[in-house]
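What follows is a short report on a single structure.
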Amino acid sequence: MWSSWSQGGYDPDSEKFFGAVGDHGWKNPHLYVVEYDIHSKSVKCLPEINRTLGRKTNQFGDGKIHGYLDVYKPSFSDNNQLWFCTYWCRYPEPIESDFETGYNAGHIMSWDIDKRCFIDYGVPLERATWPIHRVDRKRGILYAVGMFSEFLAWDIDKQQIKWAGYLPPVGKEKDKWAISPGMKWYNRVMLLDEHNGNIYSNNLISDKWSIIEYNPHKNRFYELDIDTGLSCPIRCYTRERDKDGYFWGLTAVGELFSFHPDRKKFNLFDKI
């Protein structure tokens, strides 16, 4: 069974599709990236992720890849690479004895499609795991959101963190000097607008499910002054904007919406 939520990736140069499959295990879990070659019509499991990371069979490990598998060629490589983050499967988090086995958090990894090898870029934030991740392929930024709404923006070409941690300030404090008072990123939503580079989600602290914007150029978060009318957070959405500039999606209860980032326009339609 394909791991839940994992969004398949496609490499136009090699004409290969990629997905992910995992057993959702804790100790000695098994997690694979799967490759489909459209020419040979063959399916291959790439090397097991936990063994690649050097984890032993008695160690806690990652049992899922839960976000988008995006192809991006970094400046330090001649080859396209498939990018992803790993995700634990004990909820809400591993217990202390799990961490004592040597496990510390989810990793940033890539698969070099031509050299056929994994590259491990390590743990960007200790004791964090990544239910969702995307790559801005125009700017080379990997985004991920953690189990507890930790936000990660990682510059692939520089292999450098732009942001890692909670949105400022933490909790419901209303600091008049803060740019973003009381915001918590929903870890199932990442509307990535490759036109302007911003990404969007719902604010879990807001009773009105307001929209949060992250601007990578300013490295700042903003709560947009938009009345969404939503009764619950967004759950699924189009990968890109349509020809008129709108994202489309559904909430967890089936509310249909459209969102135009440039116009800051949010339309809510009847349930489907």
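For this structure, a couple of remarks:
- Order of T101, T86 under a 10 Å beta carbon neighbour criterion, fewest first: T101, T86
- Taking θ as phi - 60° and the Karplus parameters 6.51, -1.76 and 1.60, the scalar couplings of region 109-117 work out to 9, 9, 10, 6, 5, 7, 6, 6, 8 Hz in sequence order, x denoting glycine and proline.
- Under the Karplus curve 6.51 cos²θ - 1.76 cosθ + 1.60, θ = phi - 60°, whole-Hz ³J(HN,Hα) for region 63-77, x wherever Gly or Pro sits: x, 8, 10, 10, x, 8, 9, 9, 9, 8, 9, x, 5, 8, 9
- Nonlocal amide H pairs with L31, under 5 Å, H built at 1.01 Å: I49, N50
- Amide H contacts under 5 Å for I205, placed H, 5+ residues apart: K184
- Scanning the chain for chymotrypsin sites (Phe, Trp or Tyr not before Pro) that sit in a DSSP loop and have at most 10 other Cβ atoms within 10 Å, the longest stretch containing none of them is 77-176.
- Each Cα pair under 8 Å and six or more residues apart adds its sequence gap; the mean of these over the residue count of the chain is a relative contact order of 9 percent.
- A DSSP coil position with no more than 13 other Cβ atoms inside 10 Å describes the following GluC sites (Glu not before Pro) in region 7-90: E15.
- For the cross-link pairs K218/K243; K73/K158; K162/K264; K16/K64; K44/K162, the ones whose C-alpha atoms lie over 23 Å apart are K218/K243; K162/K264; K44/K162.
- Cα centroid separation, region 239-271 to region 39-94 (Å): 31 Å
- Within-9-Å neighbourhood charge of G102 [Cβ basis; K, R +1; D, E -1]: +1
- Dipole axis of the chain (+1 Lys, Arg; -1 Asp, Glu on Cβ), positive-most option in S149, G197, A20: S149
- Each residue of region 141-148 was assigned a 3J(HN,Hα) from its phi angle through the Karplus curve 6.51 cos²θ - 1.76 cosθ + 1.60 (θ = phi - 60°); the sequence is 10, 8, 10, 8, 10, x, 4, 10 Hz, with glycine and proline shown as x.
- In region 89-156, GluC sites (Glu not before Pro) in a DSSP loop with at most 15 other beta-carbon atoms within 10 Å: E100, E126
- Around the amide H of C89, modelled in the peptide plane, lie the amide H atoms of G63, all under 5 Å away and 5 or more residues distant in sequence or on another chain.
Bear in mind that the values in this text are calculations on the coordinates, not laboratory data. Quick caveat, the model's predicted, so the values are computed rather than measured. With ideal geometry, Cβ positions are generated from the backbone for all residues, glycine too; neighbour counts draw on all protein chains shown.
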